[in-house]
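For reference, the structure discussed in these notes is given below.
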2 protein chains.
Amino acid sequence: MQFQGPTSRLVPEGDDRERLVCRDCGFVLYENPKVIVGAVCTWEDRYLLCRRAIAPRIGFWTMPVGYMELHETTEQGAIREVWEEARATIEVDALLGLYAIPEISQVHMIYRGRMTNPDFAAGPESLEVGLFTWDEIPWDELAYPNVRWSLEYEREMKGRSGFAPRGRPERHAATQKVDKDSPAVLIQP
Amino acid sequence: MQFQGPTSRLVPEGDDRERLVCRDCGFVLYENPKVIVGAVCTWEDRYLLCRRAIAPRIGFWTMPVGYMELHETTEQGAIREVWEEARATIEVDALLGLYAIPEISQVHMIYRGRMTNPDFAAGPESLEVGLFTWDEIPWDELAYPNVRWSLEYEREMKGRSGFAPRGRPERHAATQKVDKDSPAVLIQP
């Protein structure tokens, strides 16, 4: 006999939608959207990018991003992810992007980060990490469309503060294809 | 014999922090921060507030807010909560507040909503719902400090667009008291 955790999909008493419930113990698994935090980090005129060492999108480039953890703020989560994936230290000063991706129940919050020094190194989830000028950015090898959205908005807002975060383009919201194993959406051609 | 779901706190293989694990079946419960969505809604010069019918803070006033659900955007979640709690329909046009509350692992996203008509009614989680002019707002009976923060910022940003969301005041971040049973922080005197 092997237990699998809560596997029955039903509406618990007092609730109004289906949840995963264990019929043995009554445990109810409340699944909620997950928050992804990260940062477009710069040193002088260069952008910090990581080449992914883990699935999905192994070998493709992204700003440092990952799941927000318990007991941290969104800014602290972004700073932590930058350290974990790129061994860089940043100061966060503005929210660049807020992308809701309902197909996979995620909310991505991407900040603008200023590196406090030019040091970086590949963390365990990165194959390599680099600082790229705008023209050197490997545009054809970006892991997700929101990497491009965030880089472009960082450039657009350079020198500005007090601006609204950008969202997902309408075009993408309508035509989105989703890789179910992916923590974010795939690149659209 | 009664099963209780995943109850052992340990670090799963390949992970780097403790999770709740079931020692019978190996099920790992990944707990992540939860997203709360809501909106400061206006009709002409009046603000839509709900008096809470459920714990915590029964009898106190709040803008419509609640947990974001799977497969919706943050804006859709805010619109849904406004309908569920106040039976009002809105258009969302800007993000007013983004409050991370790490003590209880929540991220609150409060939008600015324009009511599309003056109709409203109490939903099942509200004792009553009302439209208040600024001076009529029951300031001493607000459920959470972020209700005041959001109302004040809506007023400050009236007529403006393209602004950054406000965060939690530093003062609150430092001195916060938390009610563990509460979905948000308590009012500070």
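The values are calculated or read from the model by the stated rules, or taken from the named source; none is laboratory data. Being a predicted model, the structure only gives us computed values, none of them experimental. Virtual Cβ from ideal backbone geometry, glycine too; neighbours counted across all protein chains shown. To get the accessible areas, we keep the full protein, side chains included, count just its heavy atoms, and leave off ligands, DNA and RNA. Shrake-Rupley method; radii C 1.70, N 1.55, O 1.52, S 1.80 Å.
What about B:Pro6, is it at pLDDT below 85, open to solvent by less than 20 Å² (accessible area, probe 1.4 Å) and facing chain A (nearest Cβ under 10 Å)?
yes
Within segment A:105-116, the set of residues being among the polar types (S, T, N, Q) and open to solvent by 40 Å² or more (accessible area, probe 1.4 Å) comprises A:Thr116 only.
The set of residues in segment A:61-88 that are in a loop (DSSP other than H, G, I, E, B), in contact with a strand residue (DSSP E or B) (Cβ under 9 Å, 6 or more places away or on another chain) and open to solvent by 60 Å² or more (accessible area, probe 1.4 Å) contains only A:Arg87. Whether a residue is basic (Lys, Arg), modelled with pLDDT under 95 and part of a strand (DSSP E or B) was assessed, and B:Arg112 does not pass this test. Of all residues in segment B:21-38, those satisfying the criterion of being under 26 Å from the mean Cα position of the chain (by Cα) and not small (Gly, Ala, Ser) are B:Leu29, B:Tyr30, B:Glu31, B:Asn32, B:Pro33, B:Lys34, B:Val35, B:Ile36, B:Val37. Closer than 16 Å to A:Leu142 by Cβ, more than 14 Å from chain B (Cβ to nearest Cβ), in a strand (DSSP E or B) and of a type in the set (D, E, K, R): is that true of A:Arg51 in this structure? Yes, satisfied.
Residues in segment A:66-91 that are out of contact with any Lys or Arg (no Cβ under 7 Å at 6 or more places or on another chain) and hydrophobic (A, V, I, L, M, F, W, C) were compared, and the one that is farthest from A:Arg51 (Cα to Cα) is A:Leu70.
Just one of the numbered conditions (1) without any contact (Cβ under 8 Å) to a residue 12 or more places away in the chain; (2) away from every other protein chain (no Cβ under 12 Å) is not true of B:Ala88; which one? B:Ala88 satisfies every listed condition except (1).
Okay, residues lined up against (1) open to solvent by less than 30 Å² (accessible area, probe 1.4 Å); (2) in contact (Cβ under 8 Å) with a residue 24 or more places away in the chain; (3) within 14 Å of another protein chain (Cβ to nearest Cβ); (4) part of a helix (DSSP H, G or I):
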{"site": "A:Ala55", "(1), (2), (3), (4)": "no, yes, yes, no"}
{"site": "A:Leu95", "(1), (2), (3), (4)": "yes, yes, yes, no"}
{"site": "A:Glu103", "(1), (2), (3), (4)": "no, yes, yes, yes"}
{"site": "A:Pro118", "(1), (2), (3), (4)": "no, yes, no, no"}
{"site": "A:Ala121", "(1), (2), (3), (4)": "no, yes, no, no"}
{"site": "A:Leu127", "(1), (2), (3), (4)": "no, yes, no, no"}
{"site": "A:Val147", "(1), (2), (3), (4)": "yes, yes, no, yes"}
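The residue of segment B:18-39 that is most open to solvent (accessible area, probe 1.4 Å), among those that are outside any strand (DSSP E or B) and more than 7 Å from chain A (Cβ to nearest Cβ), is B:Arg23.
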